[in-house]
Amino acid sequence: MAAPMAVRRELFSLTRILGGISHSGPRALGACSGHRKCNIIRSHLPLASSTSFHTATVFSSTPSSITVTEEPDALFQTVSLLVKGHDRSVLDSYEVFASMAAKELGITINKVHELPKDMERFTLLKSVHIFKKHRVQYEMRTHYRCIELSHITGCTAQVFLEYVQRNLPEGVAMEVTKTAMEKVPDHILEPMWGDHPIDDKLSQ
Amino acid sequence: MASHTSKTFLSLGRINASGLGLRRPVSRVTYATDSSVNASAGNKGPPDRGGRGFLRRPRRTAGEPRTEKMAVDQDWTAVYPAAAVFRPSSVPLPVRMGYPVRGGVPPERKGNLELIKIPNFLHLTPAAIKKHCEALKPFCTEWPSALDTDARCDELFPIKVESTDYVSDGPSVRNPSARIVHLKVKLASLNLDDHASKKMLKLVGKRYCKDTDTFTIAADSCPLRQQNQDYAMYLLTVLYHESWKTETWEAEKTVADMEEYSWDDSPSQRNLLDMLVRMKAAGEGEGEGVREQLLARREVQEYKDSVTRLKNEGESESTTLQYKEAVKKVLNL
């Protein structure tokens, strides 16, 4: 019993970490986007007053205040990123970027693999009027890349996903599938009928 | 003026020379970048416009490109701090991109549209990524070390909730598929007794996978993800409590409703006992006692095991062999 109790204590101490200044960042950018792609300013989370980012001077230069709340952190068993694009080389570079970012943040990468590409082809008439025998064929190629990460906490997942999604290149789409782990809630631990399982009133 | 005309003559002369078939690696195809030679030579713009009458302000000459002044050990994150288009005068790399002309090489980086079109990762060099991650580290939390294996995670956190987020270009940020939630739970981790687990399987139907003992609820009827999550948990709760209830009509369960085959009171048992009684009819020929005696015999028990295994697990090499041995022993063949 000691081991699970220790685990529970450790788990309960996992608290959510919220950033003070990180909330001002999206708000400042929010003015120019209903569109996720903000062409004017496309920087990552503006944090800290490190002099290496010259865009930091655009936002307020107060040091970021990190608040720790008592809300228990979410736990994700796997987070799988599927990136889709028309150009394989762009996805190659993006994969290098995402895996390096995951390594720097200390996230375990389970697998990085490439799914076979999809080609959507269609044939149209070449001419506006008649000439049925002369057609033109088009195709659209969609390349995929899948990065599977495992054992991430909610805070780390939020940070990593926001960083990686803000740096998504143009013309690339992403699907993130998160598998969160949850304990069995208290109301499912024991049946509520107690010692009288036969319920006559409801059956009549 | 004289120099300008001489330059035009030179260019004419070059084209004529290649037209005569002299095998020189000079291509006839010229790129738009070649026109810059004329523009910088004469500060007045293209000659045909000069005759219109209005004098344009003399165009400033472009200075030296930044690449000449870059040190080898400079801070690249200051040159490309955020995502930006490719600037040939800021990138000191000898990059060439595009389809090469016949007998030539891909065009250089100055004025190259292909390099401008493709998204570049110049703002995400390893040095830049390290800097960004250093700044992001304080916001991350550690994974609890006690949950290092999947088995441990499943033991303590058996319920898995899957959801998907979508990010794409388009006029809208929303994706209606993002509201779908899948809740997966292993029935072995819930507190169910024999009757409750059988009833749960009947209630759940096709949503249960026997191989992995996983029950999946797919919730997509509500417009928001949080609502779907709550609904899935509610369904799980209701199913759990309902499966513990025993209704009065459950007593009418017939053999056809049973999940597993049981040999007692089955036609197979009756047939076997009848046959054995008839085989022994020459001998004792008693009434009820004979049946119990026969049931207690080892060969009959073996036959019972083999038939039960055959019916529950299906036909395979081992089950049919076992059945054959049992039949041979029972009938003394």
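With a 10 Å cut-off around each Cβ of A:142-155, the average count of Cβ atoms from other chains is 2.
Inter-label distance, B:Arg278 to A:Lys132: 7.5 nm, where each label sits 7 Å from its Cα along the C-beta direction.
For region B:186-333, the orientation-averaged shadow of the C-alpha convex hull comes to 12.8 nm² (one quarter of the hull surface). Pairs from the list A:Lys111/B:Lys131; B:Lys202/B:Lys324; B:Lys130/B:Lys160; B:Lys69/B:Lys130; B:Lys280/B:Lys329; A:Lys178/B:Lys186 with a Cα-Cα gap above 23 Å: A:Lys111/B:Lys131; B:Lys202/B:Lys324; B:Lys130/B:Lys160; B:Lys69/B:Lys130.
Counting, for every residue in A:84-91, the Cβ atoms of other protein chains within 10 Å of its Cβ and taking the mean gives 1. Kirkwood-type hydrodynamic radius, region B:98-234: 20.8 Å, calculated from all non-identical alpha-carbon pairs.
Relative contact order, whole percent, for region B:88-168 stands at 16, derived from Cα pairs under 8 Å and 6 or more residues apart.
When you restrict to C-alpha pairs under 8 Å that are six or more residues apart and normalise by the size of region B:178-277, the relative contact order lands at 31 percent. A convex hull fitted to the Cα coordinates of region B:203-255 yields 113 cubic angstrom per residue. Taken residue by residue and averaged, Cβ atoms of other chains lying within 10 Å of the Cβ of B:231-243 number 2. Computed over the Cα atoms of region B:160-255, the ratio of the radius of gyration to the Kirkwood radius (Rg/Rh) comes to 1.11.
Say a paramagnetic label sat at a point 7 Å from the Cα of B:Met258, along Cα to Cβ; which residues of region B:198-215 have their backbone N under 20 Å from it? Zone members listed by number: B:198-203. For A:Lys133, no lysines have a Cα closer than 19 Å to its Cα, not counting residues fewer than 8 places off in the same chain.
Laboratory data are not the source of any read-out in this text; all were calculated from the coordinates shown. Fair warning: this is a prediction, and the values are worked out from it, not measured in the lab. Reconstructed Cβ throughout: ideal geometry from the backbone, glycine too, with neighbour counts over all protein chains shown.
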